[in-house]
Amino acid sequence: MTTYSFFTKFIVLFLFAAAGILFTNYLNTDNNSEWTYLFNGKDLDGWEMKIAGFEFNNNYRNTFSVKNGSIKVSYDNYTSFDEKFGHLFYTNKKFKNYHLKLDYRFYGEHVNLFKNENEAWNYKNSGVMLHSEHPSQMFLDQGFPVSIEGQFLGGSGKNSRPTLNMCSPGTEVDINGFQATEHCVNSTSKTIHTDDWVSVEFVVFSDSIVHHIIEKDTVMSYSNIRYGGTYLSDNFINKIGEPLKEGYISLQSEGHPIEFKNIRIKALD
């Protein structure tokens, strides 16, 4: 029994080490010809939206628009946020095993949620949702699609606030072999205090494992993606514990102006 246990642990460690080597080699041998751009830089063709409190494809107060080759999330026409969480979905296709790249940039001022609150939780807060449900099936007041969120945060110049974190609306994940006990888990990235463009990557293997990458550095990994946890909508109550293997990609509007560009994807076998 002891010999078997030792041998099993050895095999597991060997496989993880081999997978790590293959993953590193893959990142270092990128082939640009294999990428497909999801955003054409001109309009929102292929994209649909859902904002909490409004019907499917109601672009409340022109939250989502295209300008100068980027998708803009703007609150110029808002007077207050009032939990109008929004998401812009690429609905032409579901994705299962893939490598996603995009650039994002915070700009302007967030829509303050509290009087005299300079750094509310929505300050420089947004993200990209992976394995999202289709927006047409979301409930009218549903704030977030069942998905995995790659959370983007920015610093104010004085606080520590890593980006590329993991949040899990309607899902559960394992980190280092144990179930994550928090809805959002911080990555190991540095804090980005400027409003410069930030290039990020996600490597997704169905429900098995997801890697968050910035500047070729893997700052967050998690595995065993499944339905459950906080914000699980009633549409998926009967799926608790089942693996979440695929879905749509969506961009978030959570109260701070942000731009997205160079959104491209490569299918992985």
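Of the residues making up the range 189-201, none is in contact with an Asp or Glu (Cβ under 7 Å, 6 or more places away or on another chain), closer than 19 Å to F95 by Cβ and of a type outside the set (G, A, S). T91: modelled with pLDDT under 95 and β-branched (V, I, T), yes or no? No. Take the residues of the range 228-269 that are aliphatic (A, V, I, L, M) and part of a strand (DSSP E or B): which is farthest from N125 (Cα to Cα)? Of everything passing the filter in the range 228-269, A267 is farthest from N125 (Cα to Cα).
Screening T79 on (1) part of a strand (DSSP E or B); (2) within 21 Å of Y123 (Cα to Cα) shows it passes everything except condition (1). Among all residues of the range 197-207, there is at least one that is in a loop (DSSP other than H, G, I, E, B) and closer than 18 Å to G127 by Cβ. Taking the range 85-189 and the strands (runs of 3 or more DSSP E) fully enclosed by it, the elements with 2 or more residues that are of a type in the set (S, T, N, Q) and in contact with a strand residue (DSSP E or B) (Cβ under 8 Å, 6 or more places away or on another chain) are at 125-132. Among the residues making up the range 139-171, those that are without any contact (Cβ under 8 Å) to a residue 40 or more places away in the chain and under 16 Å from the mean Cα position of the chain (by Cα) are Q151, L153. Taken as a whole, the structure places N125 among residues that are surrounded by 14 or more Cβ atoms within 10 Å (Cβ to Cβ), of a type outside the set (F, W, Y) and more than 19 Å from R264 (Cα to Cα). Comparison of G108, G53 shows that the only residue that is among the small types (G, A, S), in the same structural domain as F144 (by TED's automatic domain parsing) and in contact with a Pro (Cβ under 7 Å, 6 or more places away or on another chain) is G108.
The values are calculated or read from the model by the stated rules, or taken from the named source; none is laboratory data. All of these numbers come straight from a predicted model, not from anything done at the bench. Every residue, glycine among them, receives a Cβ derived from its backbone with ideal geometry; neighbour counts consider all protein chains shown.
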